[in-house]
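Worksheet: the structure to be examined is printed underneath.
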Amino acid sequence: MLTRVLKTDRHNPSKKVLQEAAEVLKSGGLVAFPTETVYGLGADSFNEDAVLKIFKAKKRPPDNPVIVHISEMDMLKEVSTTIPKRVKKMIEDLWPGPLTIVVPRSKKVPASVSAGLDTVAVRMPAHNVALGLIKHLGSPIAAPSANLSGRPSPTNARDVYEDLNGAIEMIIDAGDTFIGVESTVVHVTENKSVILRPGPIPIETLRNYLNDIELHPSILTGKFEGTPASPGMKYRHYAPKAEMVVVEGTYDRVLEKIVETVHDYLKAGLKVGCIVSEETAVKLPSQTLIEVLAPRNRLDLIARRLFSALRNLDRRNPDIIVAEGFPEEGIGMAIQNRLRKAAGYRILKV
Ligand code: AMP
Ligand code: MG
């Protein structure tokens, strides 16, 4: 299959591009498109055959559900049966934005979207290309991240192309995404609210709406006992080819430990890759393959660069990767969650 790449402006997307992309979706094809978080791989959510193509193109296990993207509140009523009261105020304030809610699924949404669950994950993205595409289609778009299953999510069109060229009809290239890590996912019922995936909307903000909000235990341990709340949670994610370890603790000790660990690996003759802050990068030996994220206090920039740093490092073929841990405040919780997953929960606590 020939994958067409159409460029457009991320703030003022061309109507012609959106129209062409919507035609592909209407005829049951797949279009990768930018959102404010990462690039998504979209299909018409009411067309089950099209949705199944997403799983095939990504090599995604069928029990990992995808998110339904909407452009207006009326679409929420189409895809879900009931919305808990306390969710309404929250989405009024935070949508469009990087927050996904898990709510009861309406019959109109094919079961394969939700991997057979009776719930559906929904969000309204804050990106004019994504919103414009949904509007041109006239229906919600089902879309997971536009990467091959297990790889870091794409934050630009080149990364999508690298993974999915030849497997999908179209990529809309509108430059880098704004945030860089995937949406926060929350499951809310009348008497319980749980974060299934930490993201750009931090727990501190969610507490203003859901005073009982808690983290799903697997976020802390990376382990599952029994059935995970979301099947997708159990899969290995973002995994680079090389083994990776995350060094966590107070910064002085983290820096010391990273420098020590890097020296040990170099002495052992290994090609060492590092994903670190600017402050740490300047303290590392010159033979190290370094991906610099940003200054430590700029968690927003660290989030934006994280996935492309992981991909870049992979291209440079290190034998081992040492990553710096960051404070778990605000978007820091999402950054730590992605780093730990990428490392398969190999954590060095200092
Ligand atoms: P992706 O966009 O590739 O990060 O994948 C979407 C993620 O959303 C899944 O891996 C799940 O964590 C979550 N998700 C989607 N649908 C549901 C659902 N019905 N219940 C719980 N989590 C969901
Ligand atoms: Mg994904």
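Observations, loosely collected:
- Listed residues S139, T155, F307: farthest to the positive end of the dipole of the chain (Cβ charges): S139
- Amide H within-cut-off set for G42, under 5 Å, with H built and near neighbours excluded: V31, A32, F33
- Global geometry of the stretch 1-130, whether rounded, prolate or oblate, following the gyration tensor of its Cα atoms and the 1.5 cut on a/c: oblate
- GluC sites (Glu not before Pro) restricted to DSSP loop in the stretch 1-79 with at most 15 other C-beta within 10 Å: E72
- Student exercise, the stretch 257-296 dipole from Lys, Arg, Asp, Glu Cβ charges, in Debye to nearest 20: 80
- Mean residue ellipticity (222 nm) of the chain, computed from DSSP H runs ≥ 4 via -39,500 (n - 2.57), nearest 500: -9500 deg cm²/dmol
- Listed residues L196, L94, L18, most fluctuating in the chain (Gaussian network, C-alpha, under 10 Å): L94
- Phi angles across the stretch 321-338 convert, under the Karplus curve 6.51 cos²θ - 1.76 cosθ + 1.60 with θ = phi - 60°, into 3J(HN,Hα) values of 10, 10, 10, 8, x, 10, x, 8, 10, x, 6, x, 5, 5, 4, 4, 4, 5 Hz, Gly and Pro given as x.
- Applied to the stretch 120-126, the Karplus parametrisation 6.51 cos²θ - 1.76 cosθ + 1.60 on θ = phi - 60° returns per-residue 3J(HN,Hα) values of 9, 9, 9, 8, 10, x, 9 Hz, with x for Gly and Pro.
- Cα gyration tensor shape of the stretch 231-335, rounded if a/c is under 1.5, else prolate or oblate by comparing a/b with b/c: oblate
- The stretch 148-284 shape via C-alpha gyration tensor axes, a/c threshold 1.5: oblate
- Integer Hz, Karplus 6.51/-1.76/1.60 couplings in order for the stretch 66-81, x for Gly and Pro: 10, 8, 9, 9, 10, 10, 8, 4, 4, 5, 4, 5, 6, 9, 10, 8
- Cross-link partners for K108 among the aspartates and glutamates, with Cα-Cα distance under 15 Å and sequence neighbours closer than 8 places in the same chain left out: D44, E48, D49, D74, E78, D118.
- Folded to 0 to 90 degrees: helix 128-137 orientation relative to the chain principal axis, Cα: 30
- When you count the other C-beta atoms within 10 angstrom of each residue and take the mean per peptide, 305-311, 39-45, 135-141 line up highest first as 39-45, 305-311, 135-141.
- Residues with amide H under 5 Å from that of R105, placed H, sequence gap 5 or more: T81, T119, V120
- Zone residues, the stretch 162-194, relative to N12, backbone N less than 19 Å from point 7 Å out along Cα-to-Cβ: 173-176
- Percentage of interatomic Cα-Cα distances in the chain larger than 27 Å: 45
- Pairwise centroid distance, computed over Cα atoms, of the stretch 133-192 with the stretch 249-269, Å: 35
- Order by protection proxy (mean Cβ within 10 Å, highest first), peptides 171-181, 277-287, 142-152: 142-152, 171-181, 277-287
- For the stretch 303-347 versus the stretch 40-78, the gap between their alpha-carbon centres in whole angstrom: 27
- With respect to the chain, whose longest principal axis is taken over its alpha-carbon atoms, helix 48-58 is tilted by about 10°.
- Counting only alpha carbon atoms, the long axis of helix 15-26 and the longest principal axis of the chain meet at about 80°.
Read-outs: derived from the displayed coordinates by stated rules, not from any lab. No experiment lies behind these values; they were computed from the predicted model shown. Glycine also receives a Cβ, built like all others from the backbone with ideal geometry; neighbour counts cover every protein chain displayed.
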